[in-house]
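To keep things clear, I will list the structure first and then write my remarks on it.
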Amino acid sequence: MGRGRTTTLGRLVAAIPSAVLLTLAASVAGLAVNAVRPGGLAWSKDWSHHVETLAHEAGVPVVFLPEVRTAVDSGEGGGVYLLDARGAEEYAAGHIPGAFCVPPEELDVVLPGLALAAMPDAAVVTYCSGMDCDDALTLARALTNRAFTAVSMYSGGFAEWTEYGGEVETGAGPAAVATGAAAAGATGGRP
């Protein structure tokens, strides 16, 4: 009985160099194919601006903190609709003043209640939690697919807004008006 275990163990130990060699050869072949393949995986890509890159590729203009601050400081969004793509709980905990809570998955429910629904040429800026969040881009694409023509994305999002001292509103704010606006005929005080 002891001899059978020794033989099996011996075979396993003998197979280890072959397995290592096979794994090494497969890795080298994979790296070589990736290096010559157009659009291969980027091993050292700067992922800090990945969502911005996707926005540019999708034709969604990216705006930055100064533009958003100007819109907010001019009152009533400066004629710009700010749409927060985060969920209702995050929105209620804090959002950019005057923004509406419009998570991408709720667009079809919320949009009809906004005055924005009847103005496809209105200026819209979407944002979410920060540079690594793509919900704002998802929302911007969805609006563009619904024929909105002046949609842009604030890539710095709520994280950048607060980091640089932007004023923060809490509570349901315009989101409560947005979801009930169709029945009430309200626009949330927006342009």
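The values are calculated or read from the model by the stated rules, or taken from the named source; none is laboratory data. Everything numeric here is computed off the predicted structure, so don't read it as measured data. For neighbour counting, all protein chains shown are included, and Cβ atoms are generated from backbone atoms with ideal geometry for every residue, glycine included.
Taking Leu111 as meeting all but one of (1) closer than 14 Å to Ala142 by Cα; (2) modelled with pLDDT of 95 or more; (3) not aromatic (Phe, Trp, Tyr), write down the number of the exception. Checking Leu111 against (1) closer than 14 Å to Ala142 by Cα; (2) modelled with pLDDT of 95 or more; (3) not aromatic (Phe, Trp, Tyr), the one that fails is (2). Pull up the stretch 161-191, narrow it to residues that are surrounded by fewer than 16 Cβ atoms within 10 Å (Cβ to Cβ) and at positive phi, then point me to the one that is modelled with the highest pLDDT. If we take residues in the stretch 161-191 being surrounded by fewer than 16 Cβ atoms within 10 Å (Cβ to Cβ) and at positive phi, then Gly165 is modelled with the highest pLDDT.
Among the residues of the stretch 149-160, is any under 20 Å from Glu67 (Cα atoms), modelled with pLDDT of 95 or more, surrounded by fewer than 17 Cβ atoms within 10 Å (Cβ to Cβ) and charged (D, E, K, R)? No: the stretch 149-160 contains no residue that is under 20 Å from Glu67 (Cα atoms), modelled with pLDDT of 95 or more, surrounded by fewer than 17 Cβ atoms within 10 Å (Cβ to Cβ) and charged (D, E, K, R). Screening the candidates Gly79, Gly157 for the property of being assigned by TED's automatic domain parsing to the domain that holds Ala172, at positive phi and touching a Cys at 6+ places or on another chain (Cβ under 7 Å) yields one hit, Gly157. The set of residues in the stretch 37-57 being modelled with pLDDT of 70 or more and under 18 Å from the mean Cα position of the chain (by Cα) consists of Ser48, His49, His50, Val51, Glu52, Thr53, Leu54, Ala55, His56, Glu57.
Pick from the stretch 58-97 the residues that are touching a helix residue (DSSP H, G or I) at 6+ places or on another chain (Cβ under 7 Å), at pLDDT below 95 and surrounded by fewer than 21 Cβ atoms within 10 Å (Cβ to Cβ): which of them is farthest from Gly171 (Cα to Cα)? Within the stretch 58-97, the match that is farthest from Gly171 (Cα to Cα) is Ala58.
Scanning the stretch 123-142 for residues that are without any contact (Cβ under 8 Å) to a residue 60 or more places away in the chain, surrounded by fewer than 20 Cβ atoms within 10 Å (Cβ to Cβ) and assigned to a loop (DSSP other than H, G, I, E, B) yields Ser129, Gly130.
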